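Working notes for the structure below.
The values are calculated or read from the model by the stated rules, or taken from the named source; none is laboratory data. Just so it is clear, the structure is predicted and the values come from calculations on it, not from any experiment. A quick note on method: Cβ atoms are made from the backbone with ideal geometry, for glycine too, and the neighbour counts reach across all protein chains shown. Heavy atoms of the whole protein, side chains included, go into the accessibility calculation; ligands, DNA and RNA do not. Shrake-Rupley method; radii C 1.70, N 1.55, O 1.52, S 1.80 Å.
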Amino acid sequence: MAPSRSGIMGVVVPGSLASSSMHVNIDEPHLGVVGDVGLPREGVPGRVAGDAGHLAATAAGRASRLSGMEFLCFHRDRRDTLPLREALREEHWSYMDRFASGMIARGPTFTEDGGTPTGSLHIVDLPGPAAARAFAFDEPNYQAGVYRDVLLRRWRNTLGRRMGDFPGGPVGGNRYLVLALGAGRAVDLAVPPDTDRLIAYGPLLSDDGDTWLGTAMLVRAPHPEAARALLTVRRYADIEVRRWQFGGRR
């Protein structure tokens, strides 16, 4: 059964919920990840009304903002679905080709040893929330059951560039996806000073862009703790760090 696309962005819709026709209350802006047990993980949103000027000025000062809204979509793999993922590789790439003009960053996540895929990240410019839900749920791997759940949030490209503009290039060194769920007043809105380490950086936001829900970044770092340390760690309810690499056709 196809998942419902109604409600606020950021709800993760696992296949188990979709297949059992269960519904999650998605009217509250603090709902975050929904795991296999079907329970929301709660965070405390920070209103960014007082920080909106900073966000807008930072974004306006960057070079390459696109025309729509920017969204972060992270599909987490189910266990033991690697053969299915590999079988659908061309379908996945062909699907993503349709969004190439708006793609800011993309690529798979892995176990720390880099050996096994654990998920798939896409940061993409889209017309709005409805288009973002379609992007996430129509993806061939999601439709085939490769993924366990989906994290979908509005995001803001504070670096104002795509991953191809990263000075370090697509290979060399360890790269990480850092997903930090907010717990109070907005923090880390300013870009860290060492931008040569940053591939992508920006706040996670509510649909209307007024509520700060966390921070997401792609970064080159020697190890996960060094990546985590770029953030104000104690101001987050949870910080997830995953090994990541540049994606796209090979």
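Assorted remarks:
- Residue check, Val191 of a type outside the set (Lys, Arg) and touching a residue at least 60 places away in the same chain (Cβ under 8 Å): yes
- Checklist (1) open to solvent by less than 20 Å² (accessible area, probe 1.4 Å); (2) under 22 Å from His92 (Cβ atoms) applied to Ala221, failing item: (2)
- None of Gly114, Gly119, Gly107 is under 29 Å from His223 (Cα atoms), surrounded by fewer than 15 Cβ atoms within 10 Å (Cβ to Cβ) and touching a Lys or Arg at 6+ places or on another chain (Cβ under 9 Å) except Gly114.
- Residues of region 183-210 satisfying the condition of being modelled with pLDDT under 95 and assigned to a strand (DSSP E or B): Ala183
- When Arg243, Arg249 are checked against the criterion of being closer than 18 Å to Arg106 by Cα, modelled with pLDDT under 95 and surrounded by fewer than 22 Cβ atoms within 10 Å (Cβ to Cβ), Arg249 stands alone in meeting it.
- Output for region 78-93, where each listed residue is in contact (Cβ under 8 Å) with a residue 40 or more places away in the chain and within 22 Å of Pro170 (Cβ to Cβ): Arg85, His92, Trp93
- Checked against the criterion of being under 16 Å from the mean Cα position of the chain (by Cα), among the small types (Gly, Ala, Ser), closer than 18 Å to Arg250 by Cα and open to solvent by less than 10 Å² (accessible area, probe 1.4 Å), region 124-133 has no qualifying residue.
- Residues that are in a loop (DSSP other than H, G, I, E, B), out of contact with any helix residue (DSSP H, G or I) (no Cβ under 9 Å at 6 or more places or on another chain) and either of a type in the set (Lys, Arg) or surrounded by 17 or more Cβ atoms within 10 Å (Cβ to Cβ) (or both), drawn from region 161-181: Arg161, Arg162
- Enumeration of residues in region 91-112 that are among the acidic types (Asp, Glu) and out of contact with any strand residue (DSSP E or B) (no Cβ under 8 Å at 6 or more places or on another chain): Glu91, Asp97
- Options Phe166, Phe137: the member that is out of contact with any strand residue (DSSP E or B) (no Cβ under 6 Å at 6 or more places or on another chain) and of a type outside the set (Asp, Glu): Phe137
- Selection from region 202-213 of residues that are touching a residue at least 40 places away in the same chain (Cβ under 8 Å) and over 16 Å from His122 (Cβ atoms): Pro203, Leu205, Ser206, Asp207, Gly209, Asp210, Thr211, Trp212, Leu213
- Some residue of region 81-90 being of a type in the set (A, V, I, L, M), touching a strand residue (DSSP E or B) at 6+ places or on another chain (Cβ under 7 Å) and open to solvent by less than 40 Å² (accessible area, probe 1.4 Å): no
- Some residue of region 190-200 being closer than 21 Å to Asp238 by Cα, open to solvent by less than 20 Å² (accessible area, probe 1.4 Å) and over 18 Å from the mean Cα position of the chain (by Cα): yes
- Flag if Phe137 is open to solvent by less than 20 Å² (accessible area, probe 1.4 Å) and among the aromatic types (Phe, Trp, Tyr): yes
- Meets criteria (closer than 23 Å to Tyr95 by Cα and modelled with pLDDT of 95 or more) for Arg156: no
- Just so you know, in region 143-160 the residues that are basic (Lys, Arg) and within 15 Å of Arg76 (Cβ to Cβ) include one that is surrounded by the most Cβ atoms within 10 Å (Cβ to Cβ), and it is Arg153.
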